[in-house]
Ligand SMILES: C[S@@+](CC[C@H](N)C(=O)[O-])C[C@H]1O[C@@H](n2cnc3c(N)ncnc32)[C@H](O)[C@@H]1O
């Protein structure tokens, strides 16, 4: 496909998304009807679409409209690319610009340049204070691609060398053991030998740092209560000896977990809620709860435009319920761990505060947040345990 044809495809996909389609489905639908598109074309169209979604408001201002064509026009302008060379009408390129389109477009206002809905900005400011503008700017950029090296099976240096042999360049992430940031050929990772053999996993640097910060009793029976694909439980199992259990309210979300665990050389037992009651209590329970994902919005850029206040409120209620349900499965001296990839106080400190008010026996032994940065996503961790007489508290 020519550069113009790729932009035309991105315009069609953006129109479908703006009309309400989920981004992934819109891309898949386009790819199904575009058998002529090779993997490079599909990747380029995806990049155009995701770049534009990360900057939807500012691109709409620069392009002078809110449909796919105007947004792509604004996106090209924001990258300093002359749209006249793309909007040529030749072959499958978009039709040439009209005089009105040439005149349309203006610099974004301060609010538009943040590329967030207005209602959500106060939540960023409340959570991050002076760091909020830098977080918003980071969410306008592409996300870093980071690997977790399974050091039970390979050293970081060897993993780096083998990946380099496959043309994939990486560099260590400072302060996070076993994390490698991919600096070129990111798309080759899923086809690399190391990935197929479970020697490296894709995992954001902040998630890795949070899993590294968790203290677990030696040989603990650990339950990942919201396991999904199992990224967190596998990261914990790579560092600790224990017995591993996984649960998810939607068992389909765990479909890949057995194969991933096998590749990583870890035994993880998948459990229904009924089985958990029989197998509990657990020494440690991780609740990696569903959340707005506000710390990861550069990876899923549509989410910032579709979140509504009611959903945020519902999420906070669900997060509290999950924590309470998990606490009931915990051994008396057990560790309860709560994580989100959101930066909002309402999904983090407020949920923990509410839980502590309802469960006076618990105290916080660790609470930490990771900012949205060039190396990692926004992430929150709270580690709780029952306060005992031993701690000098009633
Ligand atoms: C943030 S995702 C977990 C990601 C996963 N831990 C990982 O590292 O790949 C949250 C998960 O919680 C699950 N979930 C939602 N409601 C739940 C509930 N009431 N109890 C347990 N899991 C729930 C969702 O199906 C989803 O898979």
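Once both labels are positioned 7 Å from their Cα atoms along Cα-to-Cβ, the gap between residue 357 and residue 28 label points is 4.2 nm.
Neighbour counting of Cβ atoms within 10 Å sorts the residues 137, 130, fewest neighbours leading, into 130, 137. For the options 355, 380, 344, a Gaussian network treatment of the chain with springs between C-alpha atoms closer than 10 Å singles out 355 as fluctuating the most.
Were the residues from residue 278 through residue 43 laid out at 0.36 nm apart, the gain over their Cα-Cα distance would be 79.9 nm. Consider all pairwise Cα distances in the chain and report the whole-number % of them above 26 Å. Roughly 59 percent, rounded to a whole number. Sorted fewest first by neighbouring Cβ atoms within 10 angstrom, 72, 367 come out as 367, 72. As a calculated quantity, the FRET efficiency between residue 252 and residue 100 at R0 = 45 Å, using C-beta atoms, amounts to about 0.40. Note on the chain: GNM, Cα springs under 10 Å; of 87, 282, 225, the largest mean-square fluctuation is that of 87.
Fully extending the segment from residue 110 to residue 141 would add 9.4 nm, taking 0.36 nm per residue of separation and subtracting the current Cα-Cα distance. Computed from the Cβ-Cβ distance with R0 of 56 Å, the FRET efficiency linking residue 126 to residue 193 stands at 0.75. Distance between the pseudo-spin-label points of residue 366 and residue 333 (7 Å out from Cα toward the beta carbon): 1.8 nm.
Mean projected area of the Cα convex hull of region 3-113, taken over all directions, amounts to 6.7 nm². Find the centroid of the Cα atoms in region 12-78 and in region 291-349, then give the distance between the two in whole Å. One Cα centre to the other: 29 Å.
Dividing the mean sequence gap of close Cα pairs (under 8 Å, 6+ apart) by how many residues the chain holds gives a relative contact order of 13 percent.
Beta-bridge orientation, the chain: approximately 60 percent antiparallel, per DSSP, counting only bridges with both partners inside.
Each residue in 175, 224, 248 was given a count of other beta-carbon atoms within 10 angstrom of its own, and listing them fewest first yields 175, 248, 224.
Taking the chain as a Gaussian network, where each spring joins two C-alpha atoms under 10 Å apart, which residue of 241, 15, 82 fluctuates the most? Among 241, 15, 82, the largest mean-square fluctuation in the Gaussian network model of the chain belongs to 82. Using Cα atoms only, what is the angle between the long axis of helix 349-358 and the major principal axis of the chain, expressed in degrees (0 to 90) to the nearest 10? In the chain, helix 349-358 runs at an angle near 30 degrees to the longest axis.
Where a number appears in this text, it was derived from the coordinates with a stated rule and is not lab data. Every value quoted in this text rests on a predicted model; they were computed, and no experiment measured them. When we count neighbours, we look across all protein chains shown, and the Cβ atoms used for this are built from the backbone with ideal geometry, even at glycine.
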